[in-house]
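Some notes on the structure that comes next.
The values are calculated or read from the model by the stated rules, or taken from the named source; none is laboratory data. Quantities reported herein were computed from a predicted structural model and do not represent experimental measurements. All Cβ positions, glycine included, derive from the backbone under ideal geometry; neighbour counts span all protein chains shown. Ligands, DNA and RNA are stripped out before the accessible areas are found, and what is left, the full protein with its side chains, is counted by its heavy atoms. Shrake-Rupley method; radii C 1.70, N 1.55, O 1.52, S 1.80 Å.
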Amino acid sequence: MTGVPASAAGGSSGAHGARGPAADGARSEVSGSASGPATAPESGGKPARGGKIAAAAVNQASVWNVANLLTMLRLLLVPGFVALMLAGGGYDPAWRSLAWAAFAVAMITDLFDGHLARTYNLVTDFGKIADPIADKAIMGAALICLSGLGDLPWWVTGVILGRELGITLLRFLVIRYGVIPASRGGKLKTLTQGVAVGMYVLALTGWLATLRFWVMAAAVVLTVVTGLDYVRQAIVLRRRGIAERAAALEEKEA
């Protein structure tokens, strides 16, 4: 993972200096730990100062980047959202509006952190694990709160959460054969779920309450359909992987 692009780090000379000698000094310190102390060319053989600190800073920047910070923010919003959702007995329009704002921020950061990670090569192992956890945590908290308050049937919450957890487990089971890519239907499902849950979080009445029912119905249908499609892809991927391994084994024995 990289840090901030040089163009955003403060001009040409400063940026080149940070990526040149300083970075080289950090790398020399790391490699020098195995073969001997690293030396700075201009110090006449003396150990380079600050090499370990620079190396630690580089490693830290690889995790503490803007994409991961947005993911952490989304995780921190979960307990705040639940507190706002249940404040005032759970039916106060003002508290529900604040809860909706927290939910909306979480959904927006979900869009931005993935985009930033892919655009600026900020993908990390932490992000790969924390991002899906944050997504499911905020959505699960909202669904459970709504069902607990009687605003949403429990079977809807069960279908959506069951699908999300099931597909996540399925991805892990077939990861040895390949990765199931996110489909357009899956992205549409996520968007529809977010809009539907957001409308249920708000204390809507009249035709808006009727509209949110149909939006949620569409979200449930997309949840089921895309879930079945992922199962189909997993089966095909597994069969193909097994066939390729068998062919490779036969070729090796021959």
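Averaged per residue, the stretch 147-254 has 63 square angstrom of accessible surface, using a 1.4 angstrom probe with ligands and nucleic acids left out. Compactness of the stretch 80-172 is given as radius of gyration and Dmax, 15.2, 44 Å, from Cα positions. Centre-to-centre, using Cα atoms only, the stretch 108-135 and the stretch 203-239 are separated by 23 Å. Dipole magnitude for the stretch 85-243: computed about the Cα centre from +1 point charges on Lys and Arg Cβ and -1 point charges on Asp and Glu Cβ, it is near 780 debye. Spin-label model, LEU69/LEU111: points 7 Å from Cα along the beta carbon direction are separated by 2.1 nm.
Assign one of three labels to the stretch 121-254, namely rounded, prolate or oblate, based on the Cα gyration tensor with a ≥ b ≥ c the square roots of its eigenvalues; rounded applies when a/c is under 1.5, prolate when it is not and a/b is larger than b/c, and oblate otherwise. Write out the running numbers ahead of the final one.
On the way: a/c = 3.14, a/b = 2.36, b/c = 1.33.
Taking the square roots of the gyration eigenvalues as a ≥ b ≥ c, the stretch 121-254 is prolate.
In a fully extended conformation the segment linking LYS252 and ASP229 would gain 4.8 nm over its present Cα-Cα distance, using 0.36 nm per residue.
Where in the stretch 80-100 does the amide nitrogen come within less than 15 Å of the point 7 Å from the Cα of ALA203, taken along Cα to Cβ? Answer for this model: 84-100. The distance between label points at LEU188 and ALA217 comes to 1.8 nm (points 7 Å beyond Cα on the Cα→Cβ vector).
Can you give me the % of accessible surface on the stretch 144-230 that is carbon or sulfur? Probe 1.4 Å, all protein chains present, nothing else counted. So the carbon and sulfur contribution to the accessible surface is 75 percent.
A Förster distance of 30 Å, applied to the separation of the beta-carbon atoms of ALA94 and TRP155, puts the FRET efficiency at 0.50.
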